[in-house]
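Remarks on the structure that follows.
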Amino acid sequence: MDILILGGGGQVGTELQAYAWPEGVQVHAPSRDALDITDKSAVARTFAERDWAAVINTAAYTAVDKAESDVVAAWRLNALAPAILAVETARKNIPLVHVSTDYVFDGSASGPYEPDAPIGPTSVYGASKAAGEMAVRTGNPRHAIVRTAWVVSPHRGNFVKTMLRLAAERDTLTVVNDQHGCPTSAADLAGALATIALRLAGDEAAPTGTVHCVNAGTTTWHGFAEAIVAANARRGGRAIPVEGIPTSAYPTPARRPANSQLSTASLTAAYGLTPRPWQEALEDILDRLVGPSRDIAKAIP
């Protein structure tokens, strides 16, 4: 069974390649230079090379603020590429698992968003990802769109690594405290994507549609930063104060959703997956980046 992973160099793509796939499954993750997914002919050639069991698309233009001025590039990767992938996978009856984002919502809801909640993107990034969803939804009936948020890992640039770096350099951190969301481990997300892809590949009647996958629990960026600093301090890092500030005090080109909370009830109902708390996932990431907590290490004989 051959599975094609697109965006293999990113956080989630890296974890998908490291995932413990069942025996007999072979994953292929061509680089961006090897396969331009905005080139229809190149995609068609790749799909003609072998009988792919499933395609997992984690590739995206994720520079949220830069997208406000780099509109064409954002739409090419986030909207055009999924449209091409949907058409070409449907032509071969290949299931397509596509990763999307909380940014398709406007952030005005009072609680977690369900997959069928009305969308209302307020940024170029969010609009381009919403267009990509529509392309997948209409282009290939055998699809799963998996929305996620606040993805972190030991790889590439992300909030955890930024907070660790700043905590080593500064005596105080200031972090936005009025944006609410669900931190998500790239490894946990990769595990869910793999499960969904294998289910779709092995069962023509497997559930399709849109689900949400984030770690359990909600916090603010400020609360997340406090947890990171505290977890790092248990590993010998500096325990510095983290001050909360409103979004208005930290203006950015792209508007961030005030509420990025996503309900994962659909993921559990469709695929039997129940994400663990984000705090547990954070500890695993810190173990990989820094080492085990000294509290835990002392208990090990």
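The values are calculated or read from the model by the stated rules, or taken from the named source; none is laboratory data. Keep in mind that this is a model prediction, so the values were computed, not measured. Here the Cβ positions follow ideal geometry from the backbone for every residue, glycine too, while neighbour counts run over all protein chains shown.
With the checklist (1) in contact (Cβ under 8 Å) with a residue 60 or more places away in the chain; (2) surrounded by fewer than 23 Cβ atoms within 10 Å (Cβ to Cβ); (3) among the β-branched types (Val, Ile, Thr) in hand, flag the one item ILE84 doesn't pass. ILE84 satisfies every listed condition except (1). Can we say SER266 is surrounded by 14 or more Cβ atoms within 10 Å (Cβ to Cβ), within 18 Å of the chain's Cα centre (by Cα) and among the hydroxyl-bearing types (Ser, Thr, Tyr)? The answer is yes for SER266. With respect to the conditions (1) of a type outside the set (Ser, Thr, Tyr); (2) modelled with pLDDT of 95 or more; (3) surrounded by fewer than 20 Cβ atoms within 10 Å (Cβ to Cβ); (4) more than 19 Å from SER185 (Cβ to Cβ), PRO251 falls short on a single one, namely (2). Could you list, in sequence order, the residues of the stretch 77-132 that are under 26 Å from SER41 (Cβ atoms), among the hydroxyl-bearing types (Ser, Thr, Tyr) and touching a strand residue (DSSP E or B) at 6+ places or on another chain (Cβ under 8 Å)? Scanning the stretch 77-132 gives THR89, SER100. On the stretch given as the stretch 37-77, residues that are hydroxyl-bearing (Ser, Thr, Tyr) and farther than 21 Å from GLY10 by Cβ total 2. Restricting attention to the stretch 134-154, the residues being closer than 26 Å to TRP278 by Cα and in contact with a strand residue (DSSP E or B) (Cβ under 6 Å, 6 or more places away or on another chain) number 8. Can you tell me which residue is farthest from VAL151 (Cα to Cα) among those in the stretch 4-57 that are part of a loop (DSSP other than H, G, I, E, B) and basic (Lys, Arg)? My answer is ARG50. With respect to the conditions (1) touching a residue at least 24 places away in the same chain (Cβ under 8 Å); (2) of a type outside the set (Asp, Glu); (3) within 22 Å of PRO141 (Cα to Cα), SER69 falls short on a single one, namely (3). Please work out if VAL136 is touching a Pro at 6+ places or on another chain (Cβ under 6 Å), under 24 Å from ASP2 (Cα atoms) and at pLDDT 95 or above. Yes, satisfied. THR274 satisfies every condition listed in (1) buried (at least 16 other Cβ atoms within 10 Å of the Cβ); (2) among the hydroxyl-bearing types (Ser, Thr, Tyr); (3) under 25 Å from ALA18 (Cβ atoms) except (1). Look at the stretch 14-30: where a residue is in contact (Cβ under 8 Å) with a residue 24 or more places away in the chain and a partner is outside any strand (DSSP E or B) and among the hydrophobic types (A, V, I, L, M, F, W, C), sitting 6+ places away or on another chain with Cβ atoms under 6 Å, you get GLU15/ALA186; GLU15/ALA187; GLU15/ALA190; LEU16/ALA190; TYR19/ALA190; TYR19/ALA194; VAL25/MET1.
Answer yes or no: is there a residue in the stretch 184-195 that is part of a loop (DSSP other than H, G, I, E, B) and either hydroxyl-bearing (Ser, Thr, Tyr) or crowded, with 17+ Cβ neighbours inside 10 Å (or both).
In the first step, residues of the stretch 184-195 are kept if they are part of a loop (DSSP other than H, G, I, E, B); the result is none.
No, the conditions are met nowhere in the stretch 184-195.
Name the residues in the stretch 10-26 that are surrounded by fewer than 18 Cβ atoms within 10 Å (Cβ to Cβ) and either within 18 Å of GLY202 (Cα to Cα) or in contact with a Ser or Thr (Cβ under 7 Å, 6 or more places away or on another chain) (or both), would you? Selection gives ALA20, TRP21, PRO22, GLU23, GLY24, VAL25, GLN26.
Of all residues in the stretch 105-125, those that are without any contact (Cβ under 8 Å) to a residue 40 or more places away in the chain have Cβ atoms under 7 Å from Cβ atoms of residues that are among the hydrophobic types (A, V, I, L, M, F, W, C) and in a loop (DSSP other than H, G, I, E, B), 6 or more apart or on another chain, in ALA117/PHE105; ALA117/ALA109; ILE119/PHE105; GLY120/PHE105.
Is it the case that SER128 is over 22 Å from PRO251 (Cα atoms) and either without any contact (Cβ under 8 Å) to a residue 12 or more places away in the chain or touching a helix residue (DSSP H, G or I) at 6+ places or on another chain (Cβ under 9 Å) (or both)? It is false that SER128 is over 22 Å from PRO251 (Cα atoms) and either without any contact (Cβ under 8 Å) to a residue 12 or more places away in the chain or touching a helix residue (DSSP H, G or I) at 6+ places or on another chain (Cβ under 9 Å) (or both).
All of (1) of a type in the set (Gly, Ala, Ser); (2) without any contact (Cβ under 8 Å) to a residue 12 or more places away in the chain; (3) in contact with an Asp or Glu (Cβ under 6 Å, 6 or more places away or on another chain) hold for SER41 with one exception: (3).
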